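Trainee: Take this structure, written in structure tokens, and hold onto it; I'll ask about it next.
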Amino acid sequence: MSEKYDFIIIGGGPGGVAVAEVAAAKKKRVLIIEKDGWGGICTHRGCIPTKALLSCSKYFADLKKLKRMGINIAEASVDFSAIKKHQQQIVKVSALGAQKVLADAGVETKQGTGEIISPQEVRFTDSSGKSEIFSAQNIMIAWGSVPQVLPGINLTERVLTSDGILNLNSLPSSIIIVGGSVIGVEFATFFAELGAKVTIVEILDRIIPLEDQECADLLKQELTRLGVAINTSTKLESMKDTGTGVVMQAQKDGKQLEISADVALLCTGRKSLLNTEELEKLGIEYTKAGIKIDKNMMTNVAGVFAVGDVTGGMMLAHRAAQQAKVAAGHICGDSNFSYNENFIPSVVYSHPQIARVGYTQKRAEDEGLAVEIIKSQYSANIIARAELMGQGFVKAIFQQEKLIGATIVGEDAADLIAPLALAVSNEMTRKQLKSWVLPHPSLSEIFLSLTS
Ligand SMILES: Cc1cc2nc3c(=O)[nH]c(=O)nc-3n(C[C@H](O)[C@H](O)[C@H](O)COP(=O)(O)OP(=O)(O)OC[C@H]3O[C@@H](n4cnc5c(N)ncnc54)[C@H](O)[C@@H]3O)c2cc1C
């Protein structure tokens, strides 16, 4: 007789860990299986290592501001191996944090591979190949996603995805980044701030295509100022590893473009990890984008749920965690959690950052909504001026007095978007925002124009 659980979760990323935590808090017996590192891609190859790196490059870039503030630093330089140690240390802290959450909640953990063999059974295989079958009332798929590589492009020691680039032990003097969306511009910011020659190649006619055009324009201006060469409307044709560097061939405006660099980073999207054979054996429906789920994150097979990147859509850690809370809450009879994709904030952690929740101006226009746009500039905020934050703005979108979306470009945008995410998800009106009192002086006073 196999051991019986209320929940078996496959995948120990933000989605899997959040399901485990909520279910265990409801006194359910929970097993979570992870084949690699606790905390998932987010902790080991995504959100956390990249933000640790960007913190280092931002401090280095900000040193230039200090002179204007009367602080003279003789000569600053970059120690890439120390930066890598910081990255590794922060990843370790994050992984231990995920493990602690699971241990404190009383979740049983197993390190190895999980395979669903029936709607109520999972085969667990450890690294020595030893297998065991466990049964559960509910099975949660939280397998995540993998980088998408363009057909005809081969990964090598110098042609890398975001996974590989995080293992670099020396700072390349030049890098070609294919893809000017979120992950591409974050890495472009990091390498350019540390002094590498960065070239972005993007097939579309702009970078950060999903975000507000004006914000993307400001980011483009700042990246260009940093020395990043941005080639939009440029189609990659080939990428060759020469043994000492890379050579890229591309088409731009009908002309051939050849660029050489030390390394190439492919940021051409991510795809849900679909173990199609396993899904098909179980009759679980999926599309190319991800596993199909209903509003409670259940697949078409009763008792089998899926959360996070494996379901396609916005591939974000906090979205995975919110889906997970809704799924676990639903199973445990707690309907207090809710999920609406429209209310998931998204952030580009470049410098400046771009953060958004809800509608962009373009989406409102495309849907023919009559909206009022209110813009507030960083240059009118005294803390932004005192801290030499440079350019930035908040763009808030009201429809019939209701806040339906906001985008911020500028320093600390990731933190500033949090109260607006609360306001948008609670469908707050301008009248309600008028009771919002903001501390003075603070960057948050940038919201005063939304409340006046
Ligand atoms: C470079 C980069 C930067 C990013 N930055 C951000 C950011 O700043 N903010 C943000 O919100 N998101 C960011 N993301 C996206 C974020 O990492 C993902 O959206 C998030 O990790 C998805 O969580 P998840 O739980 O769905 O899956 P994952 O975090 O992908 O976890 C899935 C886990 O399942 C395990 N697994 C897979 N198959 C099996 C199996 N058969 N048995 C056992 N275990 C298995 C994997 O080993 C993995 O650990 C970034 C991603 C990348 C690549």
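Readers should treat all values here as calculations from the given coordinates under stated rules, not as data from a laboratory. Keep in mind that what you see is a predicted model, and the values were worked out from it rather than measured. Cβ coordinates were reconstructed from backbone atoms using ideal geometry, including for glycine residues, and neighbour counts include every protein chain displayed.
Trainee: Here are 326, 347: which of them is in contact (Cβ under 8 Å) with a residue 60 or more places away in the chain and either more than 8 Å from the ligand (Cβ to nearest atom) or in contact with a helix residue (DSSP H, G or I) (Cβ under 6 Å, 6 or more places away or on another chain) (or both)?
Mentor: Values: 326 fails: in contact (Cβ under 8 Å) with a residue 60 or more places away in the chain.
347 is the lone residue from the list that is in contact (Cβ under 8 Å) with a residue 60 or more places away in the chain and either more than 8 Å from the ligand (Cβ to nearest atom) or in contact with a helix residue (DSSP H, G or I) (Cβ under 6 Å, 6 or more places away or on another chain) (or both).
Trainee: Let me ask something else. In region 381-403, how many residues are touching a strand residue (DSSP E or B) at 6+ places or on another chain (Cβ under 9 Å) and part of a helix (DSSP H, G or I)?
Mentor: Matching residues across region 381-403 total 1.
Trainee: Looking at region 48-65, I want the residues that are touching a residue at least 12 places away in the same chain (Cβ under 8 Å) and have a partner that is among the polar types (S, T, N, Q) and more than 10 Å from the ligand (Cβ to nearest atom) with Cβ atoms under 7 Å, at least 6 apart or on another chain. Which pairs are those?
Mentor: Filtered contacts from region 48-65: 48/94; 49/87; 52/87; 53/87; 54/189; 57/189.
Trainee: So residue 41 clears everything in (1) more than 27 Å from residue 348 (Cα to Cα); (2) touching a residue at least 40 places away in the same chain (Cβ under 8 Å) except one condition, right? Which one?
Mentor: With respect to (1) more than 27 Å from residue 348 (Cα to Cα); (2) touching a residue at least 40 places away in the same chain (Cβ under 8 Å), residue 41 is out only on (1).
Trainee: Please determine, by comparing only the residues of region 271-300 that are touching a helix residue (DSSP H, G or I) at 6+ places or on another chain (Cβ under 7 Å) and either polar (S, T, N, Q) or within 23 Å of residue 154 (Cβ to Cβ) (or both), which one is surrounded by the most Cβ atoms within 10 Å (Cβ to Cβ).
Mentor: Step one: list which residues in region 271-300 are touching a helix residue (DSSP H, G or I) at 6+ places or on another chain (Cβ under 7 Å), which gives 272-273, 286, 290-291, 293, 296-297.
Remaining after also requiring either polar (S, T, N, Q) or within 23 Å of residue 154 (Cβ to Cβ) (or both): 272-273, 296.
Numbers: 272: 23, 273: 17, 296: 14.
Only one residue tops the list, namely 272.
Trainee: Here's a follow-up. Pick from region 70-84 the residues that are surrounded by fewer than 12 Cβ atoms within 10 Å (Cβ to Cβ) and within 26 Å of the chain's Cα centre (by Cα): which of them is farthest from residue 387 (Cα to Cα)?
Mentor: Initial filter on region 70-84 (surrounded by fewer than 12 Cβ atoms within 10 Å (Cβ to Cβ)): 70-77, 79, 81-82.
Narrowing the set further to residues that are within 26 Å of the chain's Cα centre (by Cα) leaves 81-82.
Details: 81: 29, 82: 27 Å.
Result: 81.
Trainee: Taking the condition of being among the aliphatic types (A, V, I, L, M), more than 21 Å from residue 117 (Cβ to Cβ) and in a loop (DSSP other than H, G, I, E, B), how many residues in region 247-292 meet it? Break it down stepwise before answering.
Mentor: At the first step, the residues of region 247-292 found to be among the aliphatic types (A, V, I, L, M) are 247-248, 250, 257, 259, 261, 263-266, 273-274, 279, 282, 284, 289, 291.
Checking which are more than 21 Å from residue 117 (Cβ to Cβ) leaves us with 247-248, 250, 257, 259, 261, 263-266, 289.
Still in the list and also in a loop (DSSP other than H, G, I, E, B): 289.
Looking only at that region, the number is 1.
Trainee: Now for a separate question. Do we find a residue being surrounded by fewer than 24 Cβ atoms within 10 Å (Cβ to Cβ), touching a strand residue (DSSP E or B) at 6+ places or on another chain (Cβ under 8 Å) and among the basic types (Lys, Arg) anywhere in region 2-19? Let's see the steps before the verdict.
Mentor: Going residue by residue through region 2-19, those that are surrounded by fewer than 24 Cβ atoms within 10 Å (Cβ to Cβ) are 2-6.
Now drop any that are not touching a strand residue (DSSP E or B) at 6+ places or on another chain (Cβ under 8 Å), which leaves 2-6.
Of the ones still in play, those that are also among the basic types (Lys, Arg) are 4.
The answer is yes, given that some residue of region 2-19 is surrounded by fewer than 24 Cβ atoms within 10 Å (Cβ to Cβ), touching a strand residue (DSSP E or B) at 6+ places or on another chain (Cβ under 8 Å) and among the basic types (Lys, Arg).
Trainee: Do we find a residue being surrounded by 15 or more Cβ atoms within 10 Å (Cβ to Cβ), closer than 30 Å to residue 405 by Cα and in contact with a helix residue (DSSP H, G or I) (Cβ under 6 Å, 6 or more places away or on another chain) anywhere in region 165-183?
Mentor: Taking every residue of region 165-183 in turn, at least one turns out to be surrounded by 15 or more Cβ atoms within 10 Å (Cβ to Cβ), closer than 30 Å to residue 405 by Cα and in contact with a helix residue (DSSP H, G or I) (Cβ under 6 Å, 6 or more places away or on another chain).
Trainee: Does at least one position in region 301-315 carry a residue that is within 17 Å of residue 121 (Cβ to Cβ), exposed (fewer than 14 other Cβ atoms within 10 Å of the Cβ) and free of Cβ contacts under 8 Å to residues at least 60 places away in the same chain?
Mentor: Scanning region 301-315, I find no residue that is within 17 Å of residue 121 (Cβ to Cβ), exposed (fewer than 14 other Cβ atoms within 10 Å of the Cβ) and free of Cβ contacts under 8 Å to residues at least 60 places away in the same chain, so the answer is no.
Trainee: So, residue 68, is that one within 16 Å of the ligand (Cβ to nearest atom) and either of a type outside the set (A, V, I, L, M, F, W, C) or in contact with a Phe, Trp or Tyr (Cβ under 7 Å, 6 or more places away or on another chain) (or both) or not?
Mentor: Working: within 16 Å of the ligand (Cβ to nearest atom): no; either of a type outside the set (A, V, I, L, M, F, W, C) or in contact with a Phe, Trp or Tyr (Cβ under 7 Å, 6 or more places away or on another chain) (or both): yes.
Spelling it out, it is not the case that residue 68 is within 16 Å of the ligand (Cβ to nearest atom) and either of a type outside the set (A, V, I, L, M, F, W, C) or in contact with a Phe, Trp or Tyr (Cβ under 7 Å, 6 or more places away or on another chain) (or both).
Trainee: Go through region 243-260 and report how many residues are surrounded by fewer than 21 Cβ atoms within 10 Å (Cβ to Cβ) and either in contact (Cβ under 8 Å) with a residue 60 or more places away in the chain or under 25 Å from residue 62 (Cβ atoms) (or both).
Mentor: Total meeting the criteria: 3.
Trainee: Looking only at residues in region 27-43 that are of a type outside the set (S, T, N, Q) and more than 7 Å from the ligand (Cβ to nearest atom), which one is farthest from residue 161 (Cα to Cα)? Working first, answer last.
Mentor: At the first step, the residues of region 27-43 found to be of a type outside the set (S, T, N, Q) are 27-42.
Applying the additional criterion that residues be more than 7 Å from the ligand (Cβ to nearest atom) yields 27-32, 38-39.
On the way: 27: 41, 28: 39, 29: 38, 30: 34, 31: 32, 32: 28, 38: 21, 39: 20 Å.
Here the answer is 27.
Trainee: Scan region 360-373 and tell me whether some residue there is within 17 Å of the chain's Cα centre (by Cα) and either part of a strand (DSSP E or B) or under 28 Å from residue 46 (Cβ atoms) (or both). Spell out the reasoning first.
Mentor: To start, the set of residues in region 360-373 that are within 17 Å of the chain's Cα centre (by Cα) comprises none.
No, every residue in region 360-373 fails to be within 17 Å of the chain's Cα centre (by Cα) and either part of a strand (DSSP E or B) or under 28 Å from residue 46 (Cβ atoms) (or both).
Trainee: Next question. Taking interchain pairs and intrachain pairs at least six residues apart, which have beta carbon atoms under 8 angstrom, with the first residue in region 81-95 and over 9 Å from residue 52 (Cα atoms) and the second crowded, with 19+ Cβ neighbours inside 10 Å and of a type in the set (S, T, N, Q)?
Mentor: If the second residue must be crowded, with 19+ Cβ neighbours inside 10 Å and of a type in the set (S, T, N, Q), the pairs left are 94/43; 95/43.
Trainee: A further question on this structure: For region 299-315, give me the residue count where each residue is on the phi > 0 side of the Ramachandran plot and assigned to a loop (DSSP other than H, G, I, E, B). It would help to see each step written out before you state the result.
Mentor: Start the filter on region 299-315 by keeping residues that are on the phi > 0 side of the Ramachandran plot, which leaves 303, 308, 312-313.
Still in the list and also assigned to a loop (DSSP other than H, G, I, E, B): 303, 312-313.
Going through region 299-315 one residue at a time, the tally reaches 3.
Trainee: Out of 52, 98, 24, which single residue is closer than 28 Å to residue 279 by Cβ and within 13 Å of the ligand (Cβ to nearest atom)?
Mentor: Numbers: 52 fails: closer than 28 Å to residue 279 by Cβ; 24 fails: within 13 Å of the ligand (Cβ to nearest atom).
One residue alone meets the criteria, 98.
Trainee: If I ask for residues that are closer than 14 Å to residue 121 by Cβ and assigned to a loop (DSSP other than H, G, I, E, B), which ones from region 1-37 would you list?
Mentor: Selection gives 1, 2.
Trainee: Restricting to region 316-338, what's the tally of residues that are charged (D, E, K, R) and not in a loop (DSSP other than H, G, I, E, B)? Even if it seems obvious, please write down each step before you answer.
Mentor: Pass one, region 316-338, residues charged (D, E, K, R): 319, 325, 334.
Then keep just the ones that are not in a loop (DSSP other than H, G, I, E, B); that gives 319, 325.
Total meeting the criteria: 2.
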